[in-house]
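Notes follow once the structure below has been shown.
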Amino acid sequence: MNNVKPKEPLANFTTTRKEEVMTVAARLFAAKGYHATTLDEIAEEIVVTKPALYYYVHNKEDILRTIINRMMEPMEEVNRLGQSTLPPKEKMRKIIQILVKFAAERKETTLIAFEQANILPKRSRDALQRRQKEVEKTVGQILKDGIKEGCFADIDTRMTCFAILAVANGLYRWYQPKGHLTPAKIADHFIMLLEHGYVKDG
């Protein structure tokens, strides 16, 4: 009897390939718009036939739905974190780490969320905007809690909220995956800079 277990690389390959489909589709959607992008172009970009593309996705709407869900992931994670019992300082650090990691690893998706949301159907666009407002509310509340508890300076919470989100979310504009800085190191630097500033004491 042959007791050799079947190999599993195919599953990993499939997962990686679907990730590539989503990355390429997001980039094309951002560049050309959702309606102007065809499945043929996506298939050509990743060097598969159109019939082979259907192994990974059902249709173009399926791709867009997945991309939209991915946009929501870090926002939902941030909002869940806001409801946790962690101290305000720890919450804020984790939020920065979450947003930086997402912006670095899914640049095209982040680009759509912040610059090309008009390509999305109105229902999805409205849902995305609601999530973004929820994130702003969560970060603002953490700042208020931190001020109340004495671990944050008495600052303008609205302006500080916008500054933190701009720094963390804006990474997709310049981050290079082949660079020497990892998302984790960048997040650590942002945290240090946001918490301590850049002027040397004395």
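The values are calculated or read from the model by the stated rules, or taken from the named source; none is laboratory data. What you are looking at is a predicted structure, and each value in this text was computed from that prediction instead of being measured. Quick reminder, even Gly has a Cβ in these numbers, built from the backbone with ideal geometry, and neighbours come from all protein chains shown.
Numbers for the structure displayed
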| item | result |
| --- | --- |
| Residue, farthest from Met75 (Cα to Cα), within the range 144-166, restricted to residues that are in a helix (DSSP H, G or I) and touching a residue at least 60 places away in the same chain (Cβ under 8 Å) | Glu149 |
| Residues located in the range 164-202, provided they are of a type in the set (A, V, I, L, M, F, W, C) and more than 17 Å from the chain's Cα centre (by Cα) | Leu181, Ile191, Met192, Leu193, Leu194, Val199 |
| Hits in the range 187-202 (condition: modelled with pLDDT of 95 or more and among the β-branched types (Val, Ile, Thr)) | Ile191 |
| Every residue from the range 117-143 that is surrounded by fewer than 17 Cβ atoms within 10 Å (Cβ to Cβ) and not in a helix (DSSP H, G or I) | Pro121 |
| Matching residues, the range 97-111, being buried (at least 22 other Cβ atoms within 10 Å of the Cβ) and out of contact with any Ser or Thr (no Cβ under 6 Å at 6 or more places or on another chain) | Leu99, Val100, Phe102, Arg106, Thr109, Thr110 |
| Test for Leu111: is it modelled with pLDDT of 90 or more, of a type in the set (A, V, I, L, M, F, W, C), under 27 Å from Ala31 (Cβ atoms) and touching a Lys or Arg at 6+ places or on another chain (Cβ under 9 Å) | no |
| Some residue of the range 58-80 being out of contact with any strand residue (DSSP E or B) (no Cβ under 6 Å at 6 or more places or on another chain), assigned to a helix (DSSP H, G or I) and over 25 Å from Arg27 (Cβ atoms) | yes |
| Val47 vs. criteria of a type outside the set (Asp, Glu), part of a loop (DSSP other than H, G, I, E, B), surrounded by fewer than 21 Cβ atoms within 10 Å (Cβ to Cβ) and over 22 Å from the mean Cα position of the chain (by Cα) | yes |
| Residues within the range 153-193 that are under 19 Å from Lys137 (Cα atoms), surrounded by fewer than 17 Cβ atoms within 10 Å (Cβ to Cβ) and out of contact with any helix residue (DSSP H, G or I) (no Cβ under 6 Å at 6 or more places or on another chain), tallied | 9 |
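Per-residue answers, yes or no, for (1) over 30 Å from Leu194 (Cβ atoms); (2) under 11 Å from the mean Cα position of the chain (by Cα); (3) not acidic (Asp, Glu):
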residue	(1), (2), (3)
Glu19	yes, no, no
Ala30	no, no, yes
Leu53	yes, no, yes
Arg80	no, no, yes
Pro88	no, no, yes
Lys101	no, yes, yes
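For every residue, the table says whether it meets (1) closer than 14 Å to Pro74 by Cα; (2) free of Cβ contacts under 8 Å to residues at least 40 places away in the same chain.
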residue: Lys89; (1), (2): no, no
residue: Lys107; (1), (2): yes, no
residue: Ala117; (1), (2): no, yes
residue: Arg123; (1), (2): no, yes
residue: Asp126; (1), (2): no, yes
residue: Trp174; (1), (2): no, yes
residue: His189; (1), (2): no, yes
